[in-house]
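First up is the structure itself, then whatever we jot down about it.
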Amino acid sequence: MRSYLNRFEVRVTFGYAIVAILWIIFSDKLVAFLFGSSTQLLTTFSIFKGIAFVVVTAGGLFVVLYFELHKRRTLERALEQDIDERKIAEIALGKAQGVLEQKVIERTAELKSAKDRAEAILNNSFDGIVLVNSDLKVEQTNAAFNRFLACQDDEYFGKSVLDLIDEEDRGRVQLLINPHTVTHSNKSFEAQLRRQDGTVFQAEFGIGAVQNNGLVITIRDISERKARERQLRFYASLQENVNDAVIATDLEHRIQTWNPAAERMYGWRADDVIGKRSEEVLQTQFLSSESYDHAMRKLQEQGYWTDEAIQRHKDGKTVYILGSLVCFKDENGKRLGIVTVNHDITERKKAEQALQLALEKERELSELKSRFVSMASHEFRTPLATILAAAETLSAYRQKMTDEQITMRFTKIKEQVARLRDVMDDVLLLARMQAQRVEFQPDDIDLVALCKSVVDDFQSRSDVHHQFSFTQEGTMRNVRLDKKLMRQILDNLISNAIKYSAPDKPIAVHLDYAWNAVLLKISDQGIGIPDEDRKHLFEAFHRANNVGSISGTGLGLVIAKEAVELQGGTIAVESQIDVGTTFTIRIPLATLQAEKHEQPAVLTNATATATNSSSEPALQ
């Protein structure tokens, strides 16, 4: 009731009713009391009262209706606003619901995709995967597990995972896969699994914890890996104990392995060569004409290569090897590198070289014997025949011969004896030189005077008709050389020039000094030396094939070469058939006093010839 009276329109209506009742009751009495009982006045007042009542009633009704309508409009506006807000909220709610439904659809698709991926991973994994509960009962397996164990999809469901383990390893594995001790961090171990048919294989286990005290177990078949490991251990043991160097390189020939035998063979420790290119360490050279690139191409084409080669020890010494190279590949046939097995054949090569040297010596001795017999049969037979003829003539006709004829016969005998003596002297001198029984005895000599003296001796001989010339560069005084050896050199070379050139041809002797050494050249315009005889030029008793009937022992150039080398010098030859021959002697000097006013361009060529002469054949 109180709440009803609290309403505004009720209070206004109730107050207006009271005022109207009081007005009706007391207004007439009040007027009659004030103005008396005049009928006209009362009528007028009644009219006025009626009008006032109507006006007041109309005003009150207006006010009441105005406020009531205003309140209603306010309520309607509030209601409309509330309706609009509710519609907006419903629209927003609809949109949110649509977004939520879309997200639910997308999330469902993602979960399905994740599930499909997880199942794909599980079923396509090369490792077997097993989910077990807290009691170690199998709840789920993948295709690889079924393949490893040769079982159906659900054949092991509900069984203990320990039933898979071979009895030998079961106790150890049970301690490792306790769900109460396994954390989210994976642990791994190896054990043997037994299939239902009784076969056993080696497996690697990985264990991780999942929710509800379950475990996820991965199983990997490592039987092949274990077999390879055993094989690798065998090969490693083989490499460690084999006597041959076993070296593995990658395709860029960088060393990957280096066994103890390689360390012993080459002197390099494995730590020093791993990662380096094999060419840098071994410095391989081929005994045959085959090049390194050709060997590598053969290896690429055929997959292997075998041949002998020369390599270097750490200290630089030569190592002869019989090498075998093989490309090794992966299971797909892709080449991964090269394995080299090198067998040290250094001692065998030394023996072969010694044997070859012995054979060469034997062949040389045989050839020397043949040449000596040939020379002796010619050089000894002619003088002996002359001596015998002269002796027989004297024995048979001495009584009939004049003193002049007898003296002529004795002179011939003496000349032929001297010729035989010279031959024997040359043979004995060469033997002493080769036995190193001739000493180098240097002394201060006037080399210019010596050359002139030898040239004058030859030019003064009645049997020599050549024209000699002697030239020199600069002024030389004392040089420390062996005078006897120098005379032997000059005698032999000039004798050869005379012997193998026509009497009307000139012979030139030139003396020069260059780079603290004596250069001596003897040139002729004779028959020359064939190219095929150059390599045998300084062999005893050898004579060129173009000498014809010209007499000679084949010892002169050998003696000259020995005399030059005893003084530390070299001898070289330049020759053309039917053009002439030039011998160049170069001897370094320990003490030399020379004054040179100029150095002609020809000295450069002479120096180059003398410098390179040690590896070239010299003279006949």
Sorted by chain and number, the residues with a modelled amide H under 5 Å from that of L555, at a separation of 5 or more or across chains, are F541
Under Stokes-Einstein, the range 308-365 at 20 °C and 1.002 mPa s, with its Kirkwood radius over C-alpha pairs, diffuses with a coefficient in µm²/s of 152 µm²/s
Using the Cα gyration tensor of the range 103-231, the equivalent ellipsoid's semi-axes, largest first and to the nearest Å, work out to 27, 18, 14
Quick calc: nm separation of the 7 Å Cα→Cβ label points for V448 and Q356 -> 5.1 nm
Between E565 and E167, the two model label points (7 Å from Cα along the beta-carbon direction) sit apart by a distance in nm of 8.7 nm
Once all protein chains are kept in place, S134 shows an accessible area at probe 1.4 Å, nearest 10 Å², of 50 Å²
Cα convex hull volume per residue for the range 51-130, in Å³, equals 72 Å³
Expected sort for 485-495, 65-75, 273-283 on mean C-beta neighbours within 10 Å, highest first, is 485-495, 273-283, 65-75
With every protein chain in place, the accessible area of K414 for a 1.4 Å probe, in Å² rounded to the nearest 10, comes to 150 Å²
Extension length gain for Q174 and K112 (0.36 nm per residue less Cα distance), in nm, is 18.8 nm
Taking 403-409, 352-358 and ranking on average Cβ neighbours within 10 Å, highest first, one gets 403-409, 352-358
Listed by chain and number, the lysines with an alpha carbon less than 17 angstrom from that of K115, same-chain partners under 8 positions apart left out, are none
Convex hull around the C-alpha positions of the range 282-335: the volume in Å³ per residue is 85 Å³
The range 478-535 -> Rg/Rh from Cα coords, Kirkwood Rh, value 1.03
Simple spin-label estimate for S469/E331, 7 Å along Cα→Cβ, in nm, reads 8.8 nm
With every protein chain in place, the accessible area of D250 for a 1.4 Å probe, in Å² rounded to the nearest 10, comes to 40 Å²
For the range 193-319, inverting the pair-averaged 1/r of distinct alpha-carbon atoms gives a Kirkwood value in Å of 18.7 Å
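The values are calculated or read from the model by the stated rules, or taken from the named source; none is laboratory data. The model shown is predicted, which means the values in this text are computed figures rather than measured ones. With ideal geometry, Cβ positions are generated from the backbone for all residues, glycine too; neighbour counts draw on all protein chains shown. To get the accessible areas, we keep the full protein, side chains included, count just its heavy atoms, and leave off ligands, DNA and RNA. Shrake-Rupley method; radii C 1.70, N 1.55, O 1.52, S 1.80 Å.
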